[in-house]
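All remarks here apply to the structure that follows.
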Amino acid sequence: MIKTFSTIFLLILASYSIHAQSVEVIKYAGLDNLIKTKSEKIEVINFWATWCGPCVKELPYFEQTAKALKDKINVNLISIDYVQDLEKVNKFVARKEIISKVYLLDEIDGNTWIDKVEPSWSGAIPATLIINHATGEKAFVEHELKEGELEKLIEEISK
């Protein structure tokens, strides 16, 4: 009986590790590369943190949209948690079973990079930048997205 339980536990643990991703720590140069790299897909870049209630609340919409429009969009979730909280972010991503690519931005002074991402951005989160590299169209929102709002923004810059 104990041997069976151990085997089942190991199988569950193995399947959990297959799906868990590791959050990559990047500096502003890496973020800038994400923003500027040309892609046939629309780039969705969401700025969030584990301690931000509205950010956490909207994450399922990004995941649903990423799955539904996987051939049309790339979703990148940029955590602005402190780099010393990387393990906390990794555990959060695993617990929430996030499939989108997650980065932790290791830049303490937002004043040095926020205007470069979007001149109108006050620095508040959640914030989302959507880029259609094919047309040069961009959309930027600095508030919590509600269900269906992300898809609408993507549709607007897809025309």
If I fit a long axis through the Cα atoms of helix 53-68 and take the longest principal axis of the Cα atoms of the chain, what angle between them do I get, 0 to 90°, rounded to 10?
90
proj_area_mean for the stretch 92-159 (convex hull on C-alpha atoms), units nm², value 5.9
Most fluctuating residue of K91, K116, K41 in a GNM of the chain with Cα springs under 10 Å: which is it?
K116
With a 1.4 Å probe and every protein chain kept in, tell me what percent of the accessible surface of the chain is carbon plus sulfur.
57
Note on the chain, DSSP bridge orientation, antiparallel percent to nearest 5 equals 40
GNM, the chain, Cα, under 10 Å: largest mean-square fluctuation among L104, L129, L34?
L34
Please give the per residue accessible area of the chain, computed with a probe of 1.4 Å over protein heavy atoms only, in Å².
59
Subtract the Cα-Cα distance of K57 and K146 from 0.36 nm times their separation in residues, and report this length gain in nm to one decimal.
31.1 nm
Given the -39500 (n - 2.57) contribution per DSSP H run of 4+ residues, what per-residue ellipticity at 222 nm results for the chain, rounded to the nearest 500 deg cm²/dmol?
-12500 deg cm²/dmol
What dipole magnitude, in Debye to the nearest 20, does the chain give about its Cα centre under +1 on Lys/Arg Cβ and -1 on Asp/Glu Cβ?
600
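The values are calculated or read from the model by the stated rules, or taken from the named source; none is laboratory data. Computed from a prediction, not measured in an experiment: that's the story for all the values here. Positions of Cβ are backbone-derived with ideal geometry, glycine not excepted, and every protein chain shown enters the neighbour counts. To get the accessible areas, we keep the full protein, side chains included, count just its heavy atoms, and leave off ligands, DNA and RNA. Shrake-Rupley method; radii C 1.70, N 1.55, O 1.52, S 1.80 Å.
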